[in-house]
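The values are calculated or read from the model by the stated rules, or taken from the named source; none is laboratory data. Model, not experiment: these values are computed from the prediction. Because the Cβ atoms are built from the backbone with ideal geometry, glycine has one as well, and the counts that use them run over all protein chains shown. Accessible surface is based on the protein model in full, side chains and every heavy atom, while ligands, DNA and RNA are left aside. Shrake-Rupley method; radii C 1.70, N 1.55, O 1.52, S 1.80 Å.
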Amino acid sequence: MSLRLIPPVLLAAALWLGGPVQAAALVLPQPAELQARLRLQAQVVRVIEPHLSQAGRDVRRSYRAYPAPALLDELLGRAWRASPEAEIEFRALDGFVSRIPVAQLLRFPAFLAFARADGQAFQVDNHGQNERQVPLGPYYLIWDNIAAPQLRAEGGAQWPYQVVQIQLRPSSQAALLPAGMAARWAEQARAAQTYCLSCHQINGYGGDKMPLNLALRARQIEAGQWQRWLLEPAAVKPGTSMPPLPPGLPQAQREALATQLRDYLLALPLAEAKPAATEARP
Ligand code: HEC
């Protein structure tokens with residue numbers, strides 16, 4: 001029987017029993033160990049590398065990688081596929097967190113890479129974050145954006161590297177679209193998730209790389225300053241590791257996105273700062 005057919009009531013029971021869908025994060029085995037354990041074959045995946053590509057200049061790279069859905073089946077069991085609104089959290093050593101909806105992993109070709117296909121060092125320059133020769137291992141989530149060109153505009157926002165842990169987590173909707181908040185903000189909540197929350201937080205939810213509460217900071221920064229900072233942080237603070245909104249998007253769309261993110265953050269009710277808030281409202 002396909003686990004996609006798990007009745008919602010069982011899933012609800014699992015949620016109730018474990019809090020999150022999967023109680024503890026899975027520490028990924030090193031690539032050699034994983035390879036020995038898996039029934040899966042690694043494959044060569046060619047992508048347009050978003051960390052190296054600049055407007056109008058695509059740089060292609062090939063990686064050795066496992067298809068993410070098949071790998072997750074092996075690591076988590078097929079149950080992770082059952083609730084499309086749940087999320088897989090990819091956590092890096094430095095606190096960078098990417099939460100990718102299950103639906104997206106099932107819809108677009110995602111892979112977990114562990115080496116370059118040409119045997120060169122497994123590292124990349126990250127132009128957006130002013131960082132050079134960044135190690136990518138042990139694992140790097142990549143997307144076949146040649147087969148799925150609609151993924152290119154987002155840039156590298158959903159390409160977490162140095163991934164050491166994965167975990168199946170409930171939907172982030174409770175934190176990002178709390179009860180009483182109009183559903184029309186759903187798109188902005190998703191954009192914040194994609195572009196900001198791998199490093200920052202909203203009312204306790206998000207990454208630990210720079211765990212600043214955006215809902216609070218948006219109330220403290222004046223609109224023009226906010227706009228300049230999001231569009232080109234390096235122009236405001238040279239050498240910052242905060243990436244700009246994706247340079248691959250048309251400028252008008254980037255400006256609109258910056259404004260909408262601010263409007264959304266101002267519309268969010270501000271939760272009181274509590275030390276334990278990170279996991280309190282998943
Ligand atoms: C890769 C990590 C990363 C991502 C993604 C990121 N930021 Fe940042 N952000 C930082 C860092 C690091 C700083 C601290 C800036 C510094 O000191 O260089 C920062 C600082 C800020 C600040 C504080 C600026 C100030 O003047 O106090 C705001 C506001 C902010 N980010 C908003 C955002 C928003 C909104 C997004 C999404 C569109 C975002 N950030 C995405 C890393 C990130």
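When only residues in the range 181-212 that are in contact with a Cys (Cβ under 9 Å, 6 or more places away or on another chain) and near the ligand (Cβ under 7 Å from one of its atoms) count, which is nearest to LEU261 (Cα to Cα)? This residue is LEU212. Counting only strands (runs of 3 or more DSSP E) that fall entirely inside the range 51-133 and contain at least 2 residues that are small (Gly, Ala, Ser) and over 22 Å from ALA191 (Cα atoms), the qualifying elements are 60-67, 110-116.
Here is a yes/no grid of residues against (1) within 16 Å of the ligand (Cβ to nearest atom); (2) within 18 Å of ILE142 (Cα to Cα):
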residue	(1), (2)
GLU33	no, no
ARG46	no, yes
ARG57	no, no
GLY95	yes, no
PRO101	no, yes
LEU106	no, yes
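If I ask for residues that are under 23 Å from ARG57 (Cα atoms) and surrounded by 15 or more Cβ atoms within 10 Å (Cβ to Cβ), which ones from the range 249-259 would you list? Hits for the range 249-259 are LEU249, ARG254, GLU255. Across the range 198-212, the qualifying residues are those that are out of contact with any Phe, Trp or Tyr (no Cβ under 7 Å at 6 or more places or on another chain) and of a type in the set (A, V, I, L, M, F, W, C), and the one among them that is least open to solvent (accessible area, probe 1.4 Å) is ILE202. Between LEU76, LEU71, LEU93, LEU105, the distinction of being touching a residue at least 24 places away in the same chain (Cβ under 8 Å), open to solvent by 10 Å² or more (accessible area, probe 1.4 Å) and within 14 Å of GLN167 (Cα to Cα) belongs to LEU76 only.
Within the range 213-248, the set of residues being open to solvent by 50 Å² or more (accessible area, probe 1.4 Å), more than 6 Å from the ligand (Cβ to nearest atom) and in a loop (DSSP other than H, G, I, E, B) comprises GLU222, GLU232, PRO238, GLY239, PRO247, GLY248.
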